[in-house]
Amino acid sequence: MIYTAKHLVIGDGKTVILDGALRVGEDGTISSVGTKQEITARYPDEPVTDYGDATLLPGLFDMHVHFGYYYSQPDQANFDDFMIAYYAAEQAKHAIRLGITTVRDVSSPHNLMKQLRLAGEKGYLTVPRIFHTDTGICMTGGHGHDDGIPEVDGPWPIRKKIREQIRDGADWIKILTSNRASIPEFTQEELDAAVDETHRVGRKCVVHAGIPPSIQMCIDAGFDTIEHGTFLTVEQAEQMAEKGIAWDPTITAYTVLYEFTKEIIASGADPSDRIAAKAIRDMGFFEPAYFAYKNNFKKLYDTGVTVLAGSDMVLYNAPPLPINRELSLMVEYGITPLQAIQTATGNPARVLGIESLTGQLKEGLQADLIVVEGNAAEDITALNRLKVVFMGGKEVHRSEA
Ligand SMILES: [Zn+2]
């Protein structure tokens with residue numbers, strides 16, 4: 001089958017083909033990419049689906065999800081293992097509906113993502129391609145300990161926990177080492193051990209770090225991706241670029257938290273009220289976080305650090321997996337739509353080590369692709385107008401409108 005559209009975005013941050021076309025073979029891989037004229041001339045007998053004034057682009061990646069994160073639900077007590085599994089299945093469905101064909105889950109309840117992936121392989125559900133870290137690891141009393149993340153202290157216990165998680169099917173290892181306080185959590189010795197143990201067995205590790213002292217310790221330890229990096233400095237981004245450490249800023253999560261909190265405060269909340277008091281206290285972090293992203297994103301991007309798109313949206317009532325908003329914010333803060341799309345296609349594929357499988361519209365890769373209305377190469381909000389989603393050449397979603 002040949003698919004054509006007015007615009008075709010490769011996913012490498014720069015290439016757009018006008019009046020583009022690609023041919024997908026019987027095996028679900030892309031066998032040819034070019035202009036409509038070239039491809040239809042090469043395969044004159046092949047049926048053609050033309051999407052008109054639309055953009056063909058690679059399926060999107062969300063590099064920071066928590067499919068099993070039910071902790072902010074108001075009826076937490078209803079969430080036993082069964083409900084958590086249904087919740088995760090619903091998240092997977094949302095992902096597909098939003099054109100997200102690959103996710104990296106960076107902490108969910110033990111075994112949830114492994115089983116969700118298996119359920120997808122068995123054909124029970126349609127799920128995106130899944131990479132996961134199982135539960136993640138925090139220090140005793142550290143960030144995430146109240147959300148069921150195992151608390152482990154000391155280099156050898158950390159190595160043992162990593163071995164257990166890999167034994168149990170984790171693709172990546174996740175360490176959490178900072179909260180909103182200015183004091184880092186794990187010691188350098190512990191972080192070094194975590195990275196060494198993970199790399200020693202050929203895996204990669206991701207770390208949650210938001211404040212400059214923690215970020216620096218994680219750069220020194222040599223993690224593969226740094227999540228949030230909210231107050232990342234230009235000097236640190238330069239070091240990351242040099243060491244090949246990618247940055248997953250999760251701008252939307254902090255933006256939405258800032259907006260929510262601002263609304264609570266603006267509604268004339270009484271500071272003696274518990275929720276209002278918490279909002280006022282949280283604003284001390286969310287406001288500088290919001291402005292740090294807004295003012296620094298472009299400068300940090302320009303250091304050449306590999307940027308990844310991750311949504312990290314776990315707030316109750318917030319739109320799930322808003323990767324389209326993440327890319328819009330990147331564009332609002334100064335990069336081009338093509339560069340933003342690369343953070344959710346070519347870049348994450350390379351960081352996950354699957355660039356020879358998917359992540360771009362190139363010959364020989366799996367046909368994980370989406371079609372959106374309009375010209376996404378110039379107007380990133382085109383991603384809000386999703387028409388069709390394919391995984392491995394198979395249509396897995398079509399918008400009604
Ligand atoms: Zn997260």
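What follows is calculated from the coordinates using simple rules that are stated; it is not laboratory data. Since the model is a prediction, treat every value here as computed from it, not as a measurement. Reconstructed Cβ throughout: ideal geometry from the backbone, glycine too, with neighbour counts over all protein chains shown.
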Whole-number percent relative contact order across the chain, with pairs defined as alpha carbons under 8 Å at least 6 apart: 20
Which one of Leu369, Ala382, Pro348 is farthest out on the positive end of the charge dipole of segment 258-385, using unit charges on Cβ (Lys, Arg +1; Asp, Glu -1) and the Cα centre as origin? Pro348
What does the net charge come to around Thr250 if you take all other residues with beta carbon closer than 9 Å to its beta carbon, with K and R at +1 and D and E at -1? -4
Which longest run of the chain has no exposed loop site in it, a site being chymotrypsin sites (Phe, Trp or Tyr not before Pro) in a DSSP loop with at most 12 other beta carbons within 10 Å, and the site itself not part of the run? 125-315
Quick check for me: using +1 on Lys/Arg Cβ and -1 on Asp/Glu Cβ, what's the dipole size of the chain about its Cα centre, in debye to the nearest 20? 380
For segment 192-324, what is the relative contact order in percent, using Cα pairs closer than 8 Å and at least 6 residues apart in sequence? 24
For segment 282-401, alpha-carbon Rg over 2.2 N^0.38 Å: 1.16
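Which pairs break 24 Å Cα to Cα here: Lys161/Lys204; Lys122/Lys362; Lys14/Lys174; Lys93/Lys243; Lys114/Lys204; Lys14/Lys362?
Lys122/Lys362; Lys14/Lys174; Lys93/Lys243
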Asp273-Thr40 FRET efficiency (beta carbon distance; Förster radius 56 Å; 0.05 resolution): 0.30
Relative contact order for segment 50-206: what is it in percent, counting Cα pairs under 8 Å that are at least 6 residues apart? 19
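Within the chain, which is the longest segment containing none of the GluC sites (Glu not before Pro) that sit in a DSSP loop and have at most 15 other Cβ atoms within 10 Å?
Value returned for the longest uninterrupted segment is 27-362.
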Among residues other than Met139 whose Cβ falls under 10 Å from its Cβ, what is the net charge (Lys/Arg +1, Asp/Glu -1)? -4
Hey, if you put +1 on the Cβ of every Lys and Arg and -1 on every Asp and Glu Cβ in segment 228-279, which of Gly268, Tyr254, Thr233 ends up farthest toward the positive end of that dipole? Gly268
Restricting to DSSP H runs of at least four residues, report the calculated mean residue ellipticity at 222 nm for the chain, -39500 (n - 2.57) per run over all residues, nearest 500 deg cm²/dmol. -11500 deg cm²/dmol
Cβ-based net charge around Asp153, under 13 Å, with every Lys or Arg adding one and every Asp or Glu removing one: -1
Whole-Å distance, taken between Cα centres, linking segment 175-212 and segment 119-162: 14
Rg/Rg_globular for the chain, with Rg_globular taken as 2.2 N^0.38 Å and Rg from C-alpha atoms: 0.99
